[in-house]
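The values are calculated or read from the model by the stated rules, or taken from the named source; none is laboratory data. Bear in mind the structure is a predicted one, so any value in this text is a computation, not a measurement. Glycine gets a Cβ as well: all are built from the backbone with ideal geometry, and neighbour counts include every protein chain shown.
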Amino acid sequence: MALLQIAEPDMSGAPHQHNVAIGIDLGTTNSLVATVKSGEATVLCDSNGARLIPSMVNYGDDRLSVGHEALRLRISDPANTLVSIKRFMGRGFADLDPDVVYPYKFVAKSDANIQINTRAGIKNPIAVSADILTYLRKLAVESLGEEPSGVVITVPAYFDDAQRQATKYAGELAGLKVLRLLNEPTAAAIAYGLDNKQDGTFLVYDLGGGTLDVSILRLNQGVFEVLSVSGDTQLGGDDFDHRLYCYILEKANLSQLTDEDTAQLLSRAKLLKEQLAEKEKVAFSAVLSNKRIVNLTISRTEYETIVKYLVQKTIQPLKKALRDAKLDKDQLDEIIMVGGSTRMLAIRQAVTEFFGRAPLTSINPDEVVAIGAGIQADILVGNKKDDWLLLDVTPLSLGVETMGGLVEKIIPRNSTIPVVRAQDFTTYKDGQTAMSVHVVQGERELVKDCRSLAKFTLRGIPPMVAGQARIRISYQIDADGLLSVQAKEMTSGVVAQIEVKPSYGLNDEQIGAMLQASISHASEDIQQRQYQEALVDARAILDSVEKALIADADLLDEAELTQINHACMKLRIAIEQKPLELDSAGKKIRQLVEELNHATDSFAAKRMDKAINQALTGKEIADIDN
Amino acid sequence: MNNELLKQDYFELFGLALDYQIDLGGLQNKLRALQKQYHPDNFAAEDTEVINQALVISSQINQAYTTLSEPLARAIYLLQLHGVIVDLVHGTKFSNEFLMAQIELREQISEAEDSGDFDALEQIEQNLQNESTIITAKIGELFIIANYAEISELVKQLAFYKKLEQLVANILGSM
């Protein structure tokens, strides 16, 4: 590109090093992407200007739709439109609430992890989340013009290990470098902490679509410490929608609805709930598939009565968080409200009543978590040093099964992470050479009441008298809250060691299938990158040709000028078109760049001559020889 | 990264003398300073190996902090540094008086739990904490005169009270 070199010598310098990182709030109902641009955290928009992207995926015959497009398909195609998939992350078939009616075709299998039959085949929650994350990644690339170098994904503080592993895995499947899983309330506190920049103790009340998270944090000398976390993984805005939906059925005397009608009334109930945050009374009407018309009016008082028990259920975890942090209500400096569901007046009133003061709501409760994640991502890729450090805690106790189905706790909940703890166990039979280790998570005393994370067998223990062998089991929780377990026989010098990562309820076959899928994503990723690179090159050459024309158009005759302008126009049209197919679109742009280069060859030569002539003017021959 | 840190005992790591009396505020400040240096988040953009190394050191710092900040764990750890291993499970001889008091406390707790008496449980919790404070103070005095045998006995008593405290906290948390 001869033209580039002489027209814009300052453009040839290396692009300045700024790592773009993004924060993703992967929500139950909606997801958002945020990044820090010139020092300010902003939520990115999709091509339609929307900031909240519905966390929904529709699996069509030959088409995958995510976000608003999936939302539109939800009513006509509920069985293939997966919503609130976050609730299924790291969960088994047995965990499904039997009272909730889902429009999906679950695959009922004995190994019991959740799988859903869709038109595009069997999908598990990790794959569905990966599809949402891929969509968000592409949105970020489109908006930022480059691949993000890293991402922070938020998770409910109360997520257990299986749920965290599942989330991180989904991120990796989507081709993202996951720098950190960040607890949602912590992210919110970061967003507010940046605003206030003052030390203090904060309680974050985060009521999202599917979960309630309560965290107490202290900001002190640049270190954010999480003092305690509490919450309810099965309580959120969706439950309020569902309660209202049931009430509508009751009031209108409806039963035996089709899947389409159920989906319609559920989304109408959600809308109704939102309207009741603004109005005292809302009229409701819907036409069912059998042409029956439902007309109802629901008042806020009525609504608040039917959801009262849900509101009260959200207050319990506040007490627990305070107890765990060893604090009284009046020792808190601020109460922060997060999550769309905190727009409900009944919720705000109940929280205000409990604490005896009004909570902070100045940052949009839908966006505050994504903003915090974006800020943390920016720090982690090294754009901002020495700002603050986050010391998080593990939300649930980790233990191991001992004789009689009892749990021996090894790491108590609310321990600051990262953390490593070891505990010694022994054999109970003479000559015992193997020991099975069962890792569980939860607060209860009995194994059957806790969540099973992993089971493995330690073999190769040298035969000894019962009680002689010393087996050390160590648990390591990293900064993401992810666990790995190690077991070692200590006494004999013979080391039998095994390292286990909990498998979050997926079998080898499923993991294999997902890896396969991610490889096919990878080729798409390469095409995406090549296309982006072609775009960058095209913009650069267009820019420099334009500048050269402004400076030196007089060097060209009319035919040359027309030819260059024509080539520019063709390239401009090509880069502005939305690519139907990345591979061919990228190649087309490359070809047009070549054509423009070719068209400007003689222009470049003429400018070179002019530049040399100018440089020589007024100089002695002797100077030139050097 | 500084692997020497892993060889230091917890007191050295936190720049403290081998002393049972500890300034908790100072301990917290030191924790923050150390974690600002060694927490894996400081190395998020680096290779896995560096991150793993930071993970090990950072975990050790947290473990040291937890041990030093809790009176029971601190006493057991300090005894260990003085060559005295406390066996909390075996060979414990308590006075009849102590055992009777323990049984009585357990009865009070289960009575309050059965009748759902939140206030009574909070009162019991307060009493237990007071008892722990008294024992902790005694342990502090005994460390000054290096009476490790006596400390070992008190540590076992303290472990009993801590266990009850935990029990009450769990009951209160689930009420």
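Residues that are within 21 Å of A:Asp238 (Cα to Cα) and loosely packed, with under 11 Cβ neighbours inside 10 Å within the range A:281-300 comprise just one, A:Ser285.
Determine if the range A:344-352 includes at least one residue that is within 21 Å of A:Gly193 (Cβ to Cβ), within 14 Å of chain B (Cβ to nearest Cβ) and within 28 Å of the chain's Cα centre (by Cα). No: the range A:344-352 contains no residue that is within 21 Å of A:Gly193 (Cβ to Cβ), within 14 Å of chain B (Cβ to nearest Cβ) and within 28 Å of the chain's Cα centre (by Cα). Pairs meeting the criteria (first residue in the range A:355-370 and closer than 13 Å to A:Asp206 by Cβ, second residue buried (at least 20 other Cβ atoms within 10 Å of the Cβ) and of a type in the set (D, E, K, R), beta carbons under 6 Å, at least 6 apart or on different chains) are A:Val369/A:Asp25; A:Val369/A:Glu184; A:Ala370/A:Asp25. If you go through the range A:347-363 and pick out every residue that is over 13 Å from A:Ala189 (Cα atoms) and either touching a Cys at 6+ places or on another chain (Cβ under 9 Å) or among the polar types (S, T, N, Q) (or both), you end up with 2. Residue count for the range A:60-82 under the criterion of being touching a residue at least 40 places away in the same chain (Cβ under 8 Å) and among the aliphatic types (A, V, I, L, M): the result is 5. On the stretch given as the range A:25-47, residues that are over 30 Å from A:Leu235 (Cβ atoms) and part of a strand (DSSP E or B) total 5.
Taking first residues from the range A:245-267 that are of a type in the set (Asp, Glu) and partners that are surrounded by 14 or more Cβ atoms within 10 Å (Cβ to Cβ) and part of a helix (DSSP H, G or I), the Cβ contacts under 9 Å between residues at least 6 apart in sequence or on separate chains come to A:Asp259/A:Pro78; A:Asp259/A:Ala79; A:Glu260/A:Pro78.
So if I check each of A:Gly356, A:Gly372, which one is surrounded by fewer than 22 Cβ atoms within 10 Å (Cβ to Cβ) and away from chain B (no Cβ under 13 Å)?
Numbers: A:Gly372 fails: surrounded by fewer than 22 Cβ atoms within 10 Å (Cβ to Cβ).
The match here is A:Gly356.
A:Thr186 fails exactly one of the following numbered conditions: (1) over 14 Å from the mean Cα position of the chain (by Cα); (2) modelled with pLDDT of 90 or more; (3) surrounded by 24 or more Cβ atoms within 10 Å (Cβ to Cβ). What is the number of that condition? If we test A:Thr186 against (1) over 14 Å from the mean Cα position of the chain (by Cα); (2) modelled with pLDDT of 90 or more; (3) surrounded by 24 or more Cβ atoms within 10 Å (Cβ to Cβ), just (2) comes out false.
Give the residue, chosen from A:Asp392, A:Asp328, A:Asp430, that is free of Cβ contacts under 8 Å to residues at least 40 places away in the same chain and within 14 Å of another protein chain (Cβ to nearest Cβ).
Working: A:Asp392 fails: free of Cβ contacts under 8 Å to residues at least 40 places away in the same chain; A:Asp430 fails: within 14 Å of another protein chain (Cβ to nearest Cβ).
Result of the check over A:Asp392, A:Asp328, A:Asp430: A:Asp328.
The residue that is nearest to the other protein chains (Cβ to nearest Cβ), among those in the range B:9-64 that are of a type in the set (Asp, Glu) and assigned to a helix (DSSP H, G or I), is B:Asp41.
Can you name every residue in the range B:73-118 that is of a type in the set (Asp, Glu) and farther than 17 Å from B:Glu165 by Cβ? The answer is B:Asp87, B:Glu97, B:Glu111, B:Asp114, B:Asp117.
Please go through the range A:397-407 and pick out each residue that is closer than 20 Å to A:Gly481 by Cα and either within 13 Å of chain B (Cβ to nearest Cβ) or hydrophobic (A, V, I, L, M, F, W, C) (or both). Spell out how you get there, then give the answer.
Going residue by residue through the range A:397-407, those that are closer than 20 Å to A:Gly481 by Cα are A:397-400.
Scanning the range A:397-407 gives A:Ser397, A:Leu398, A:Val400.
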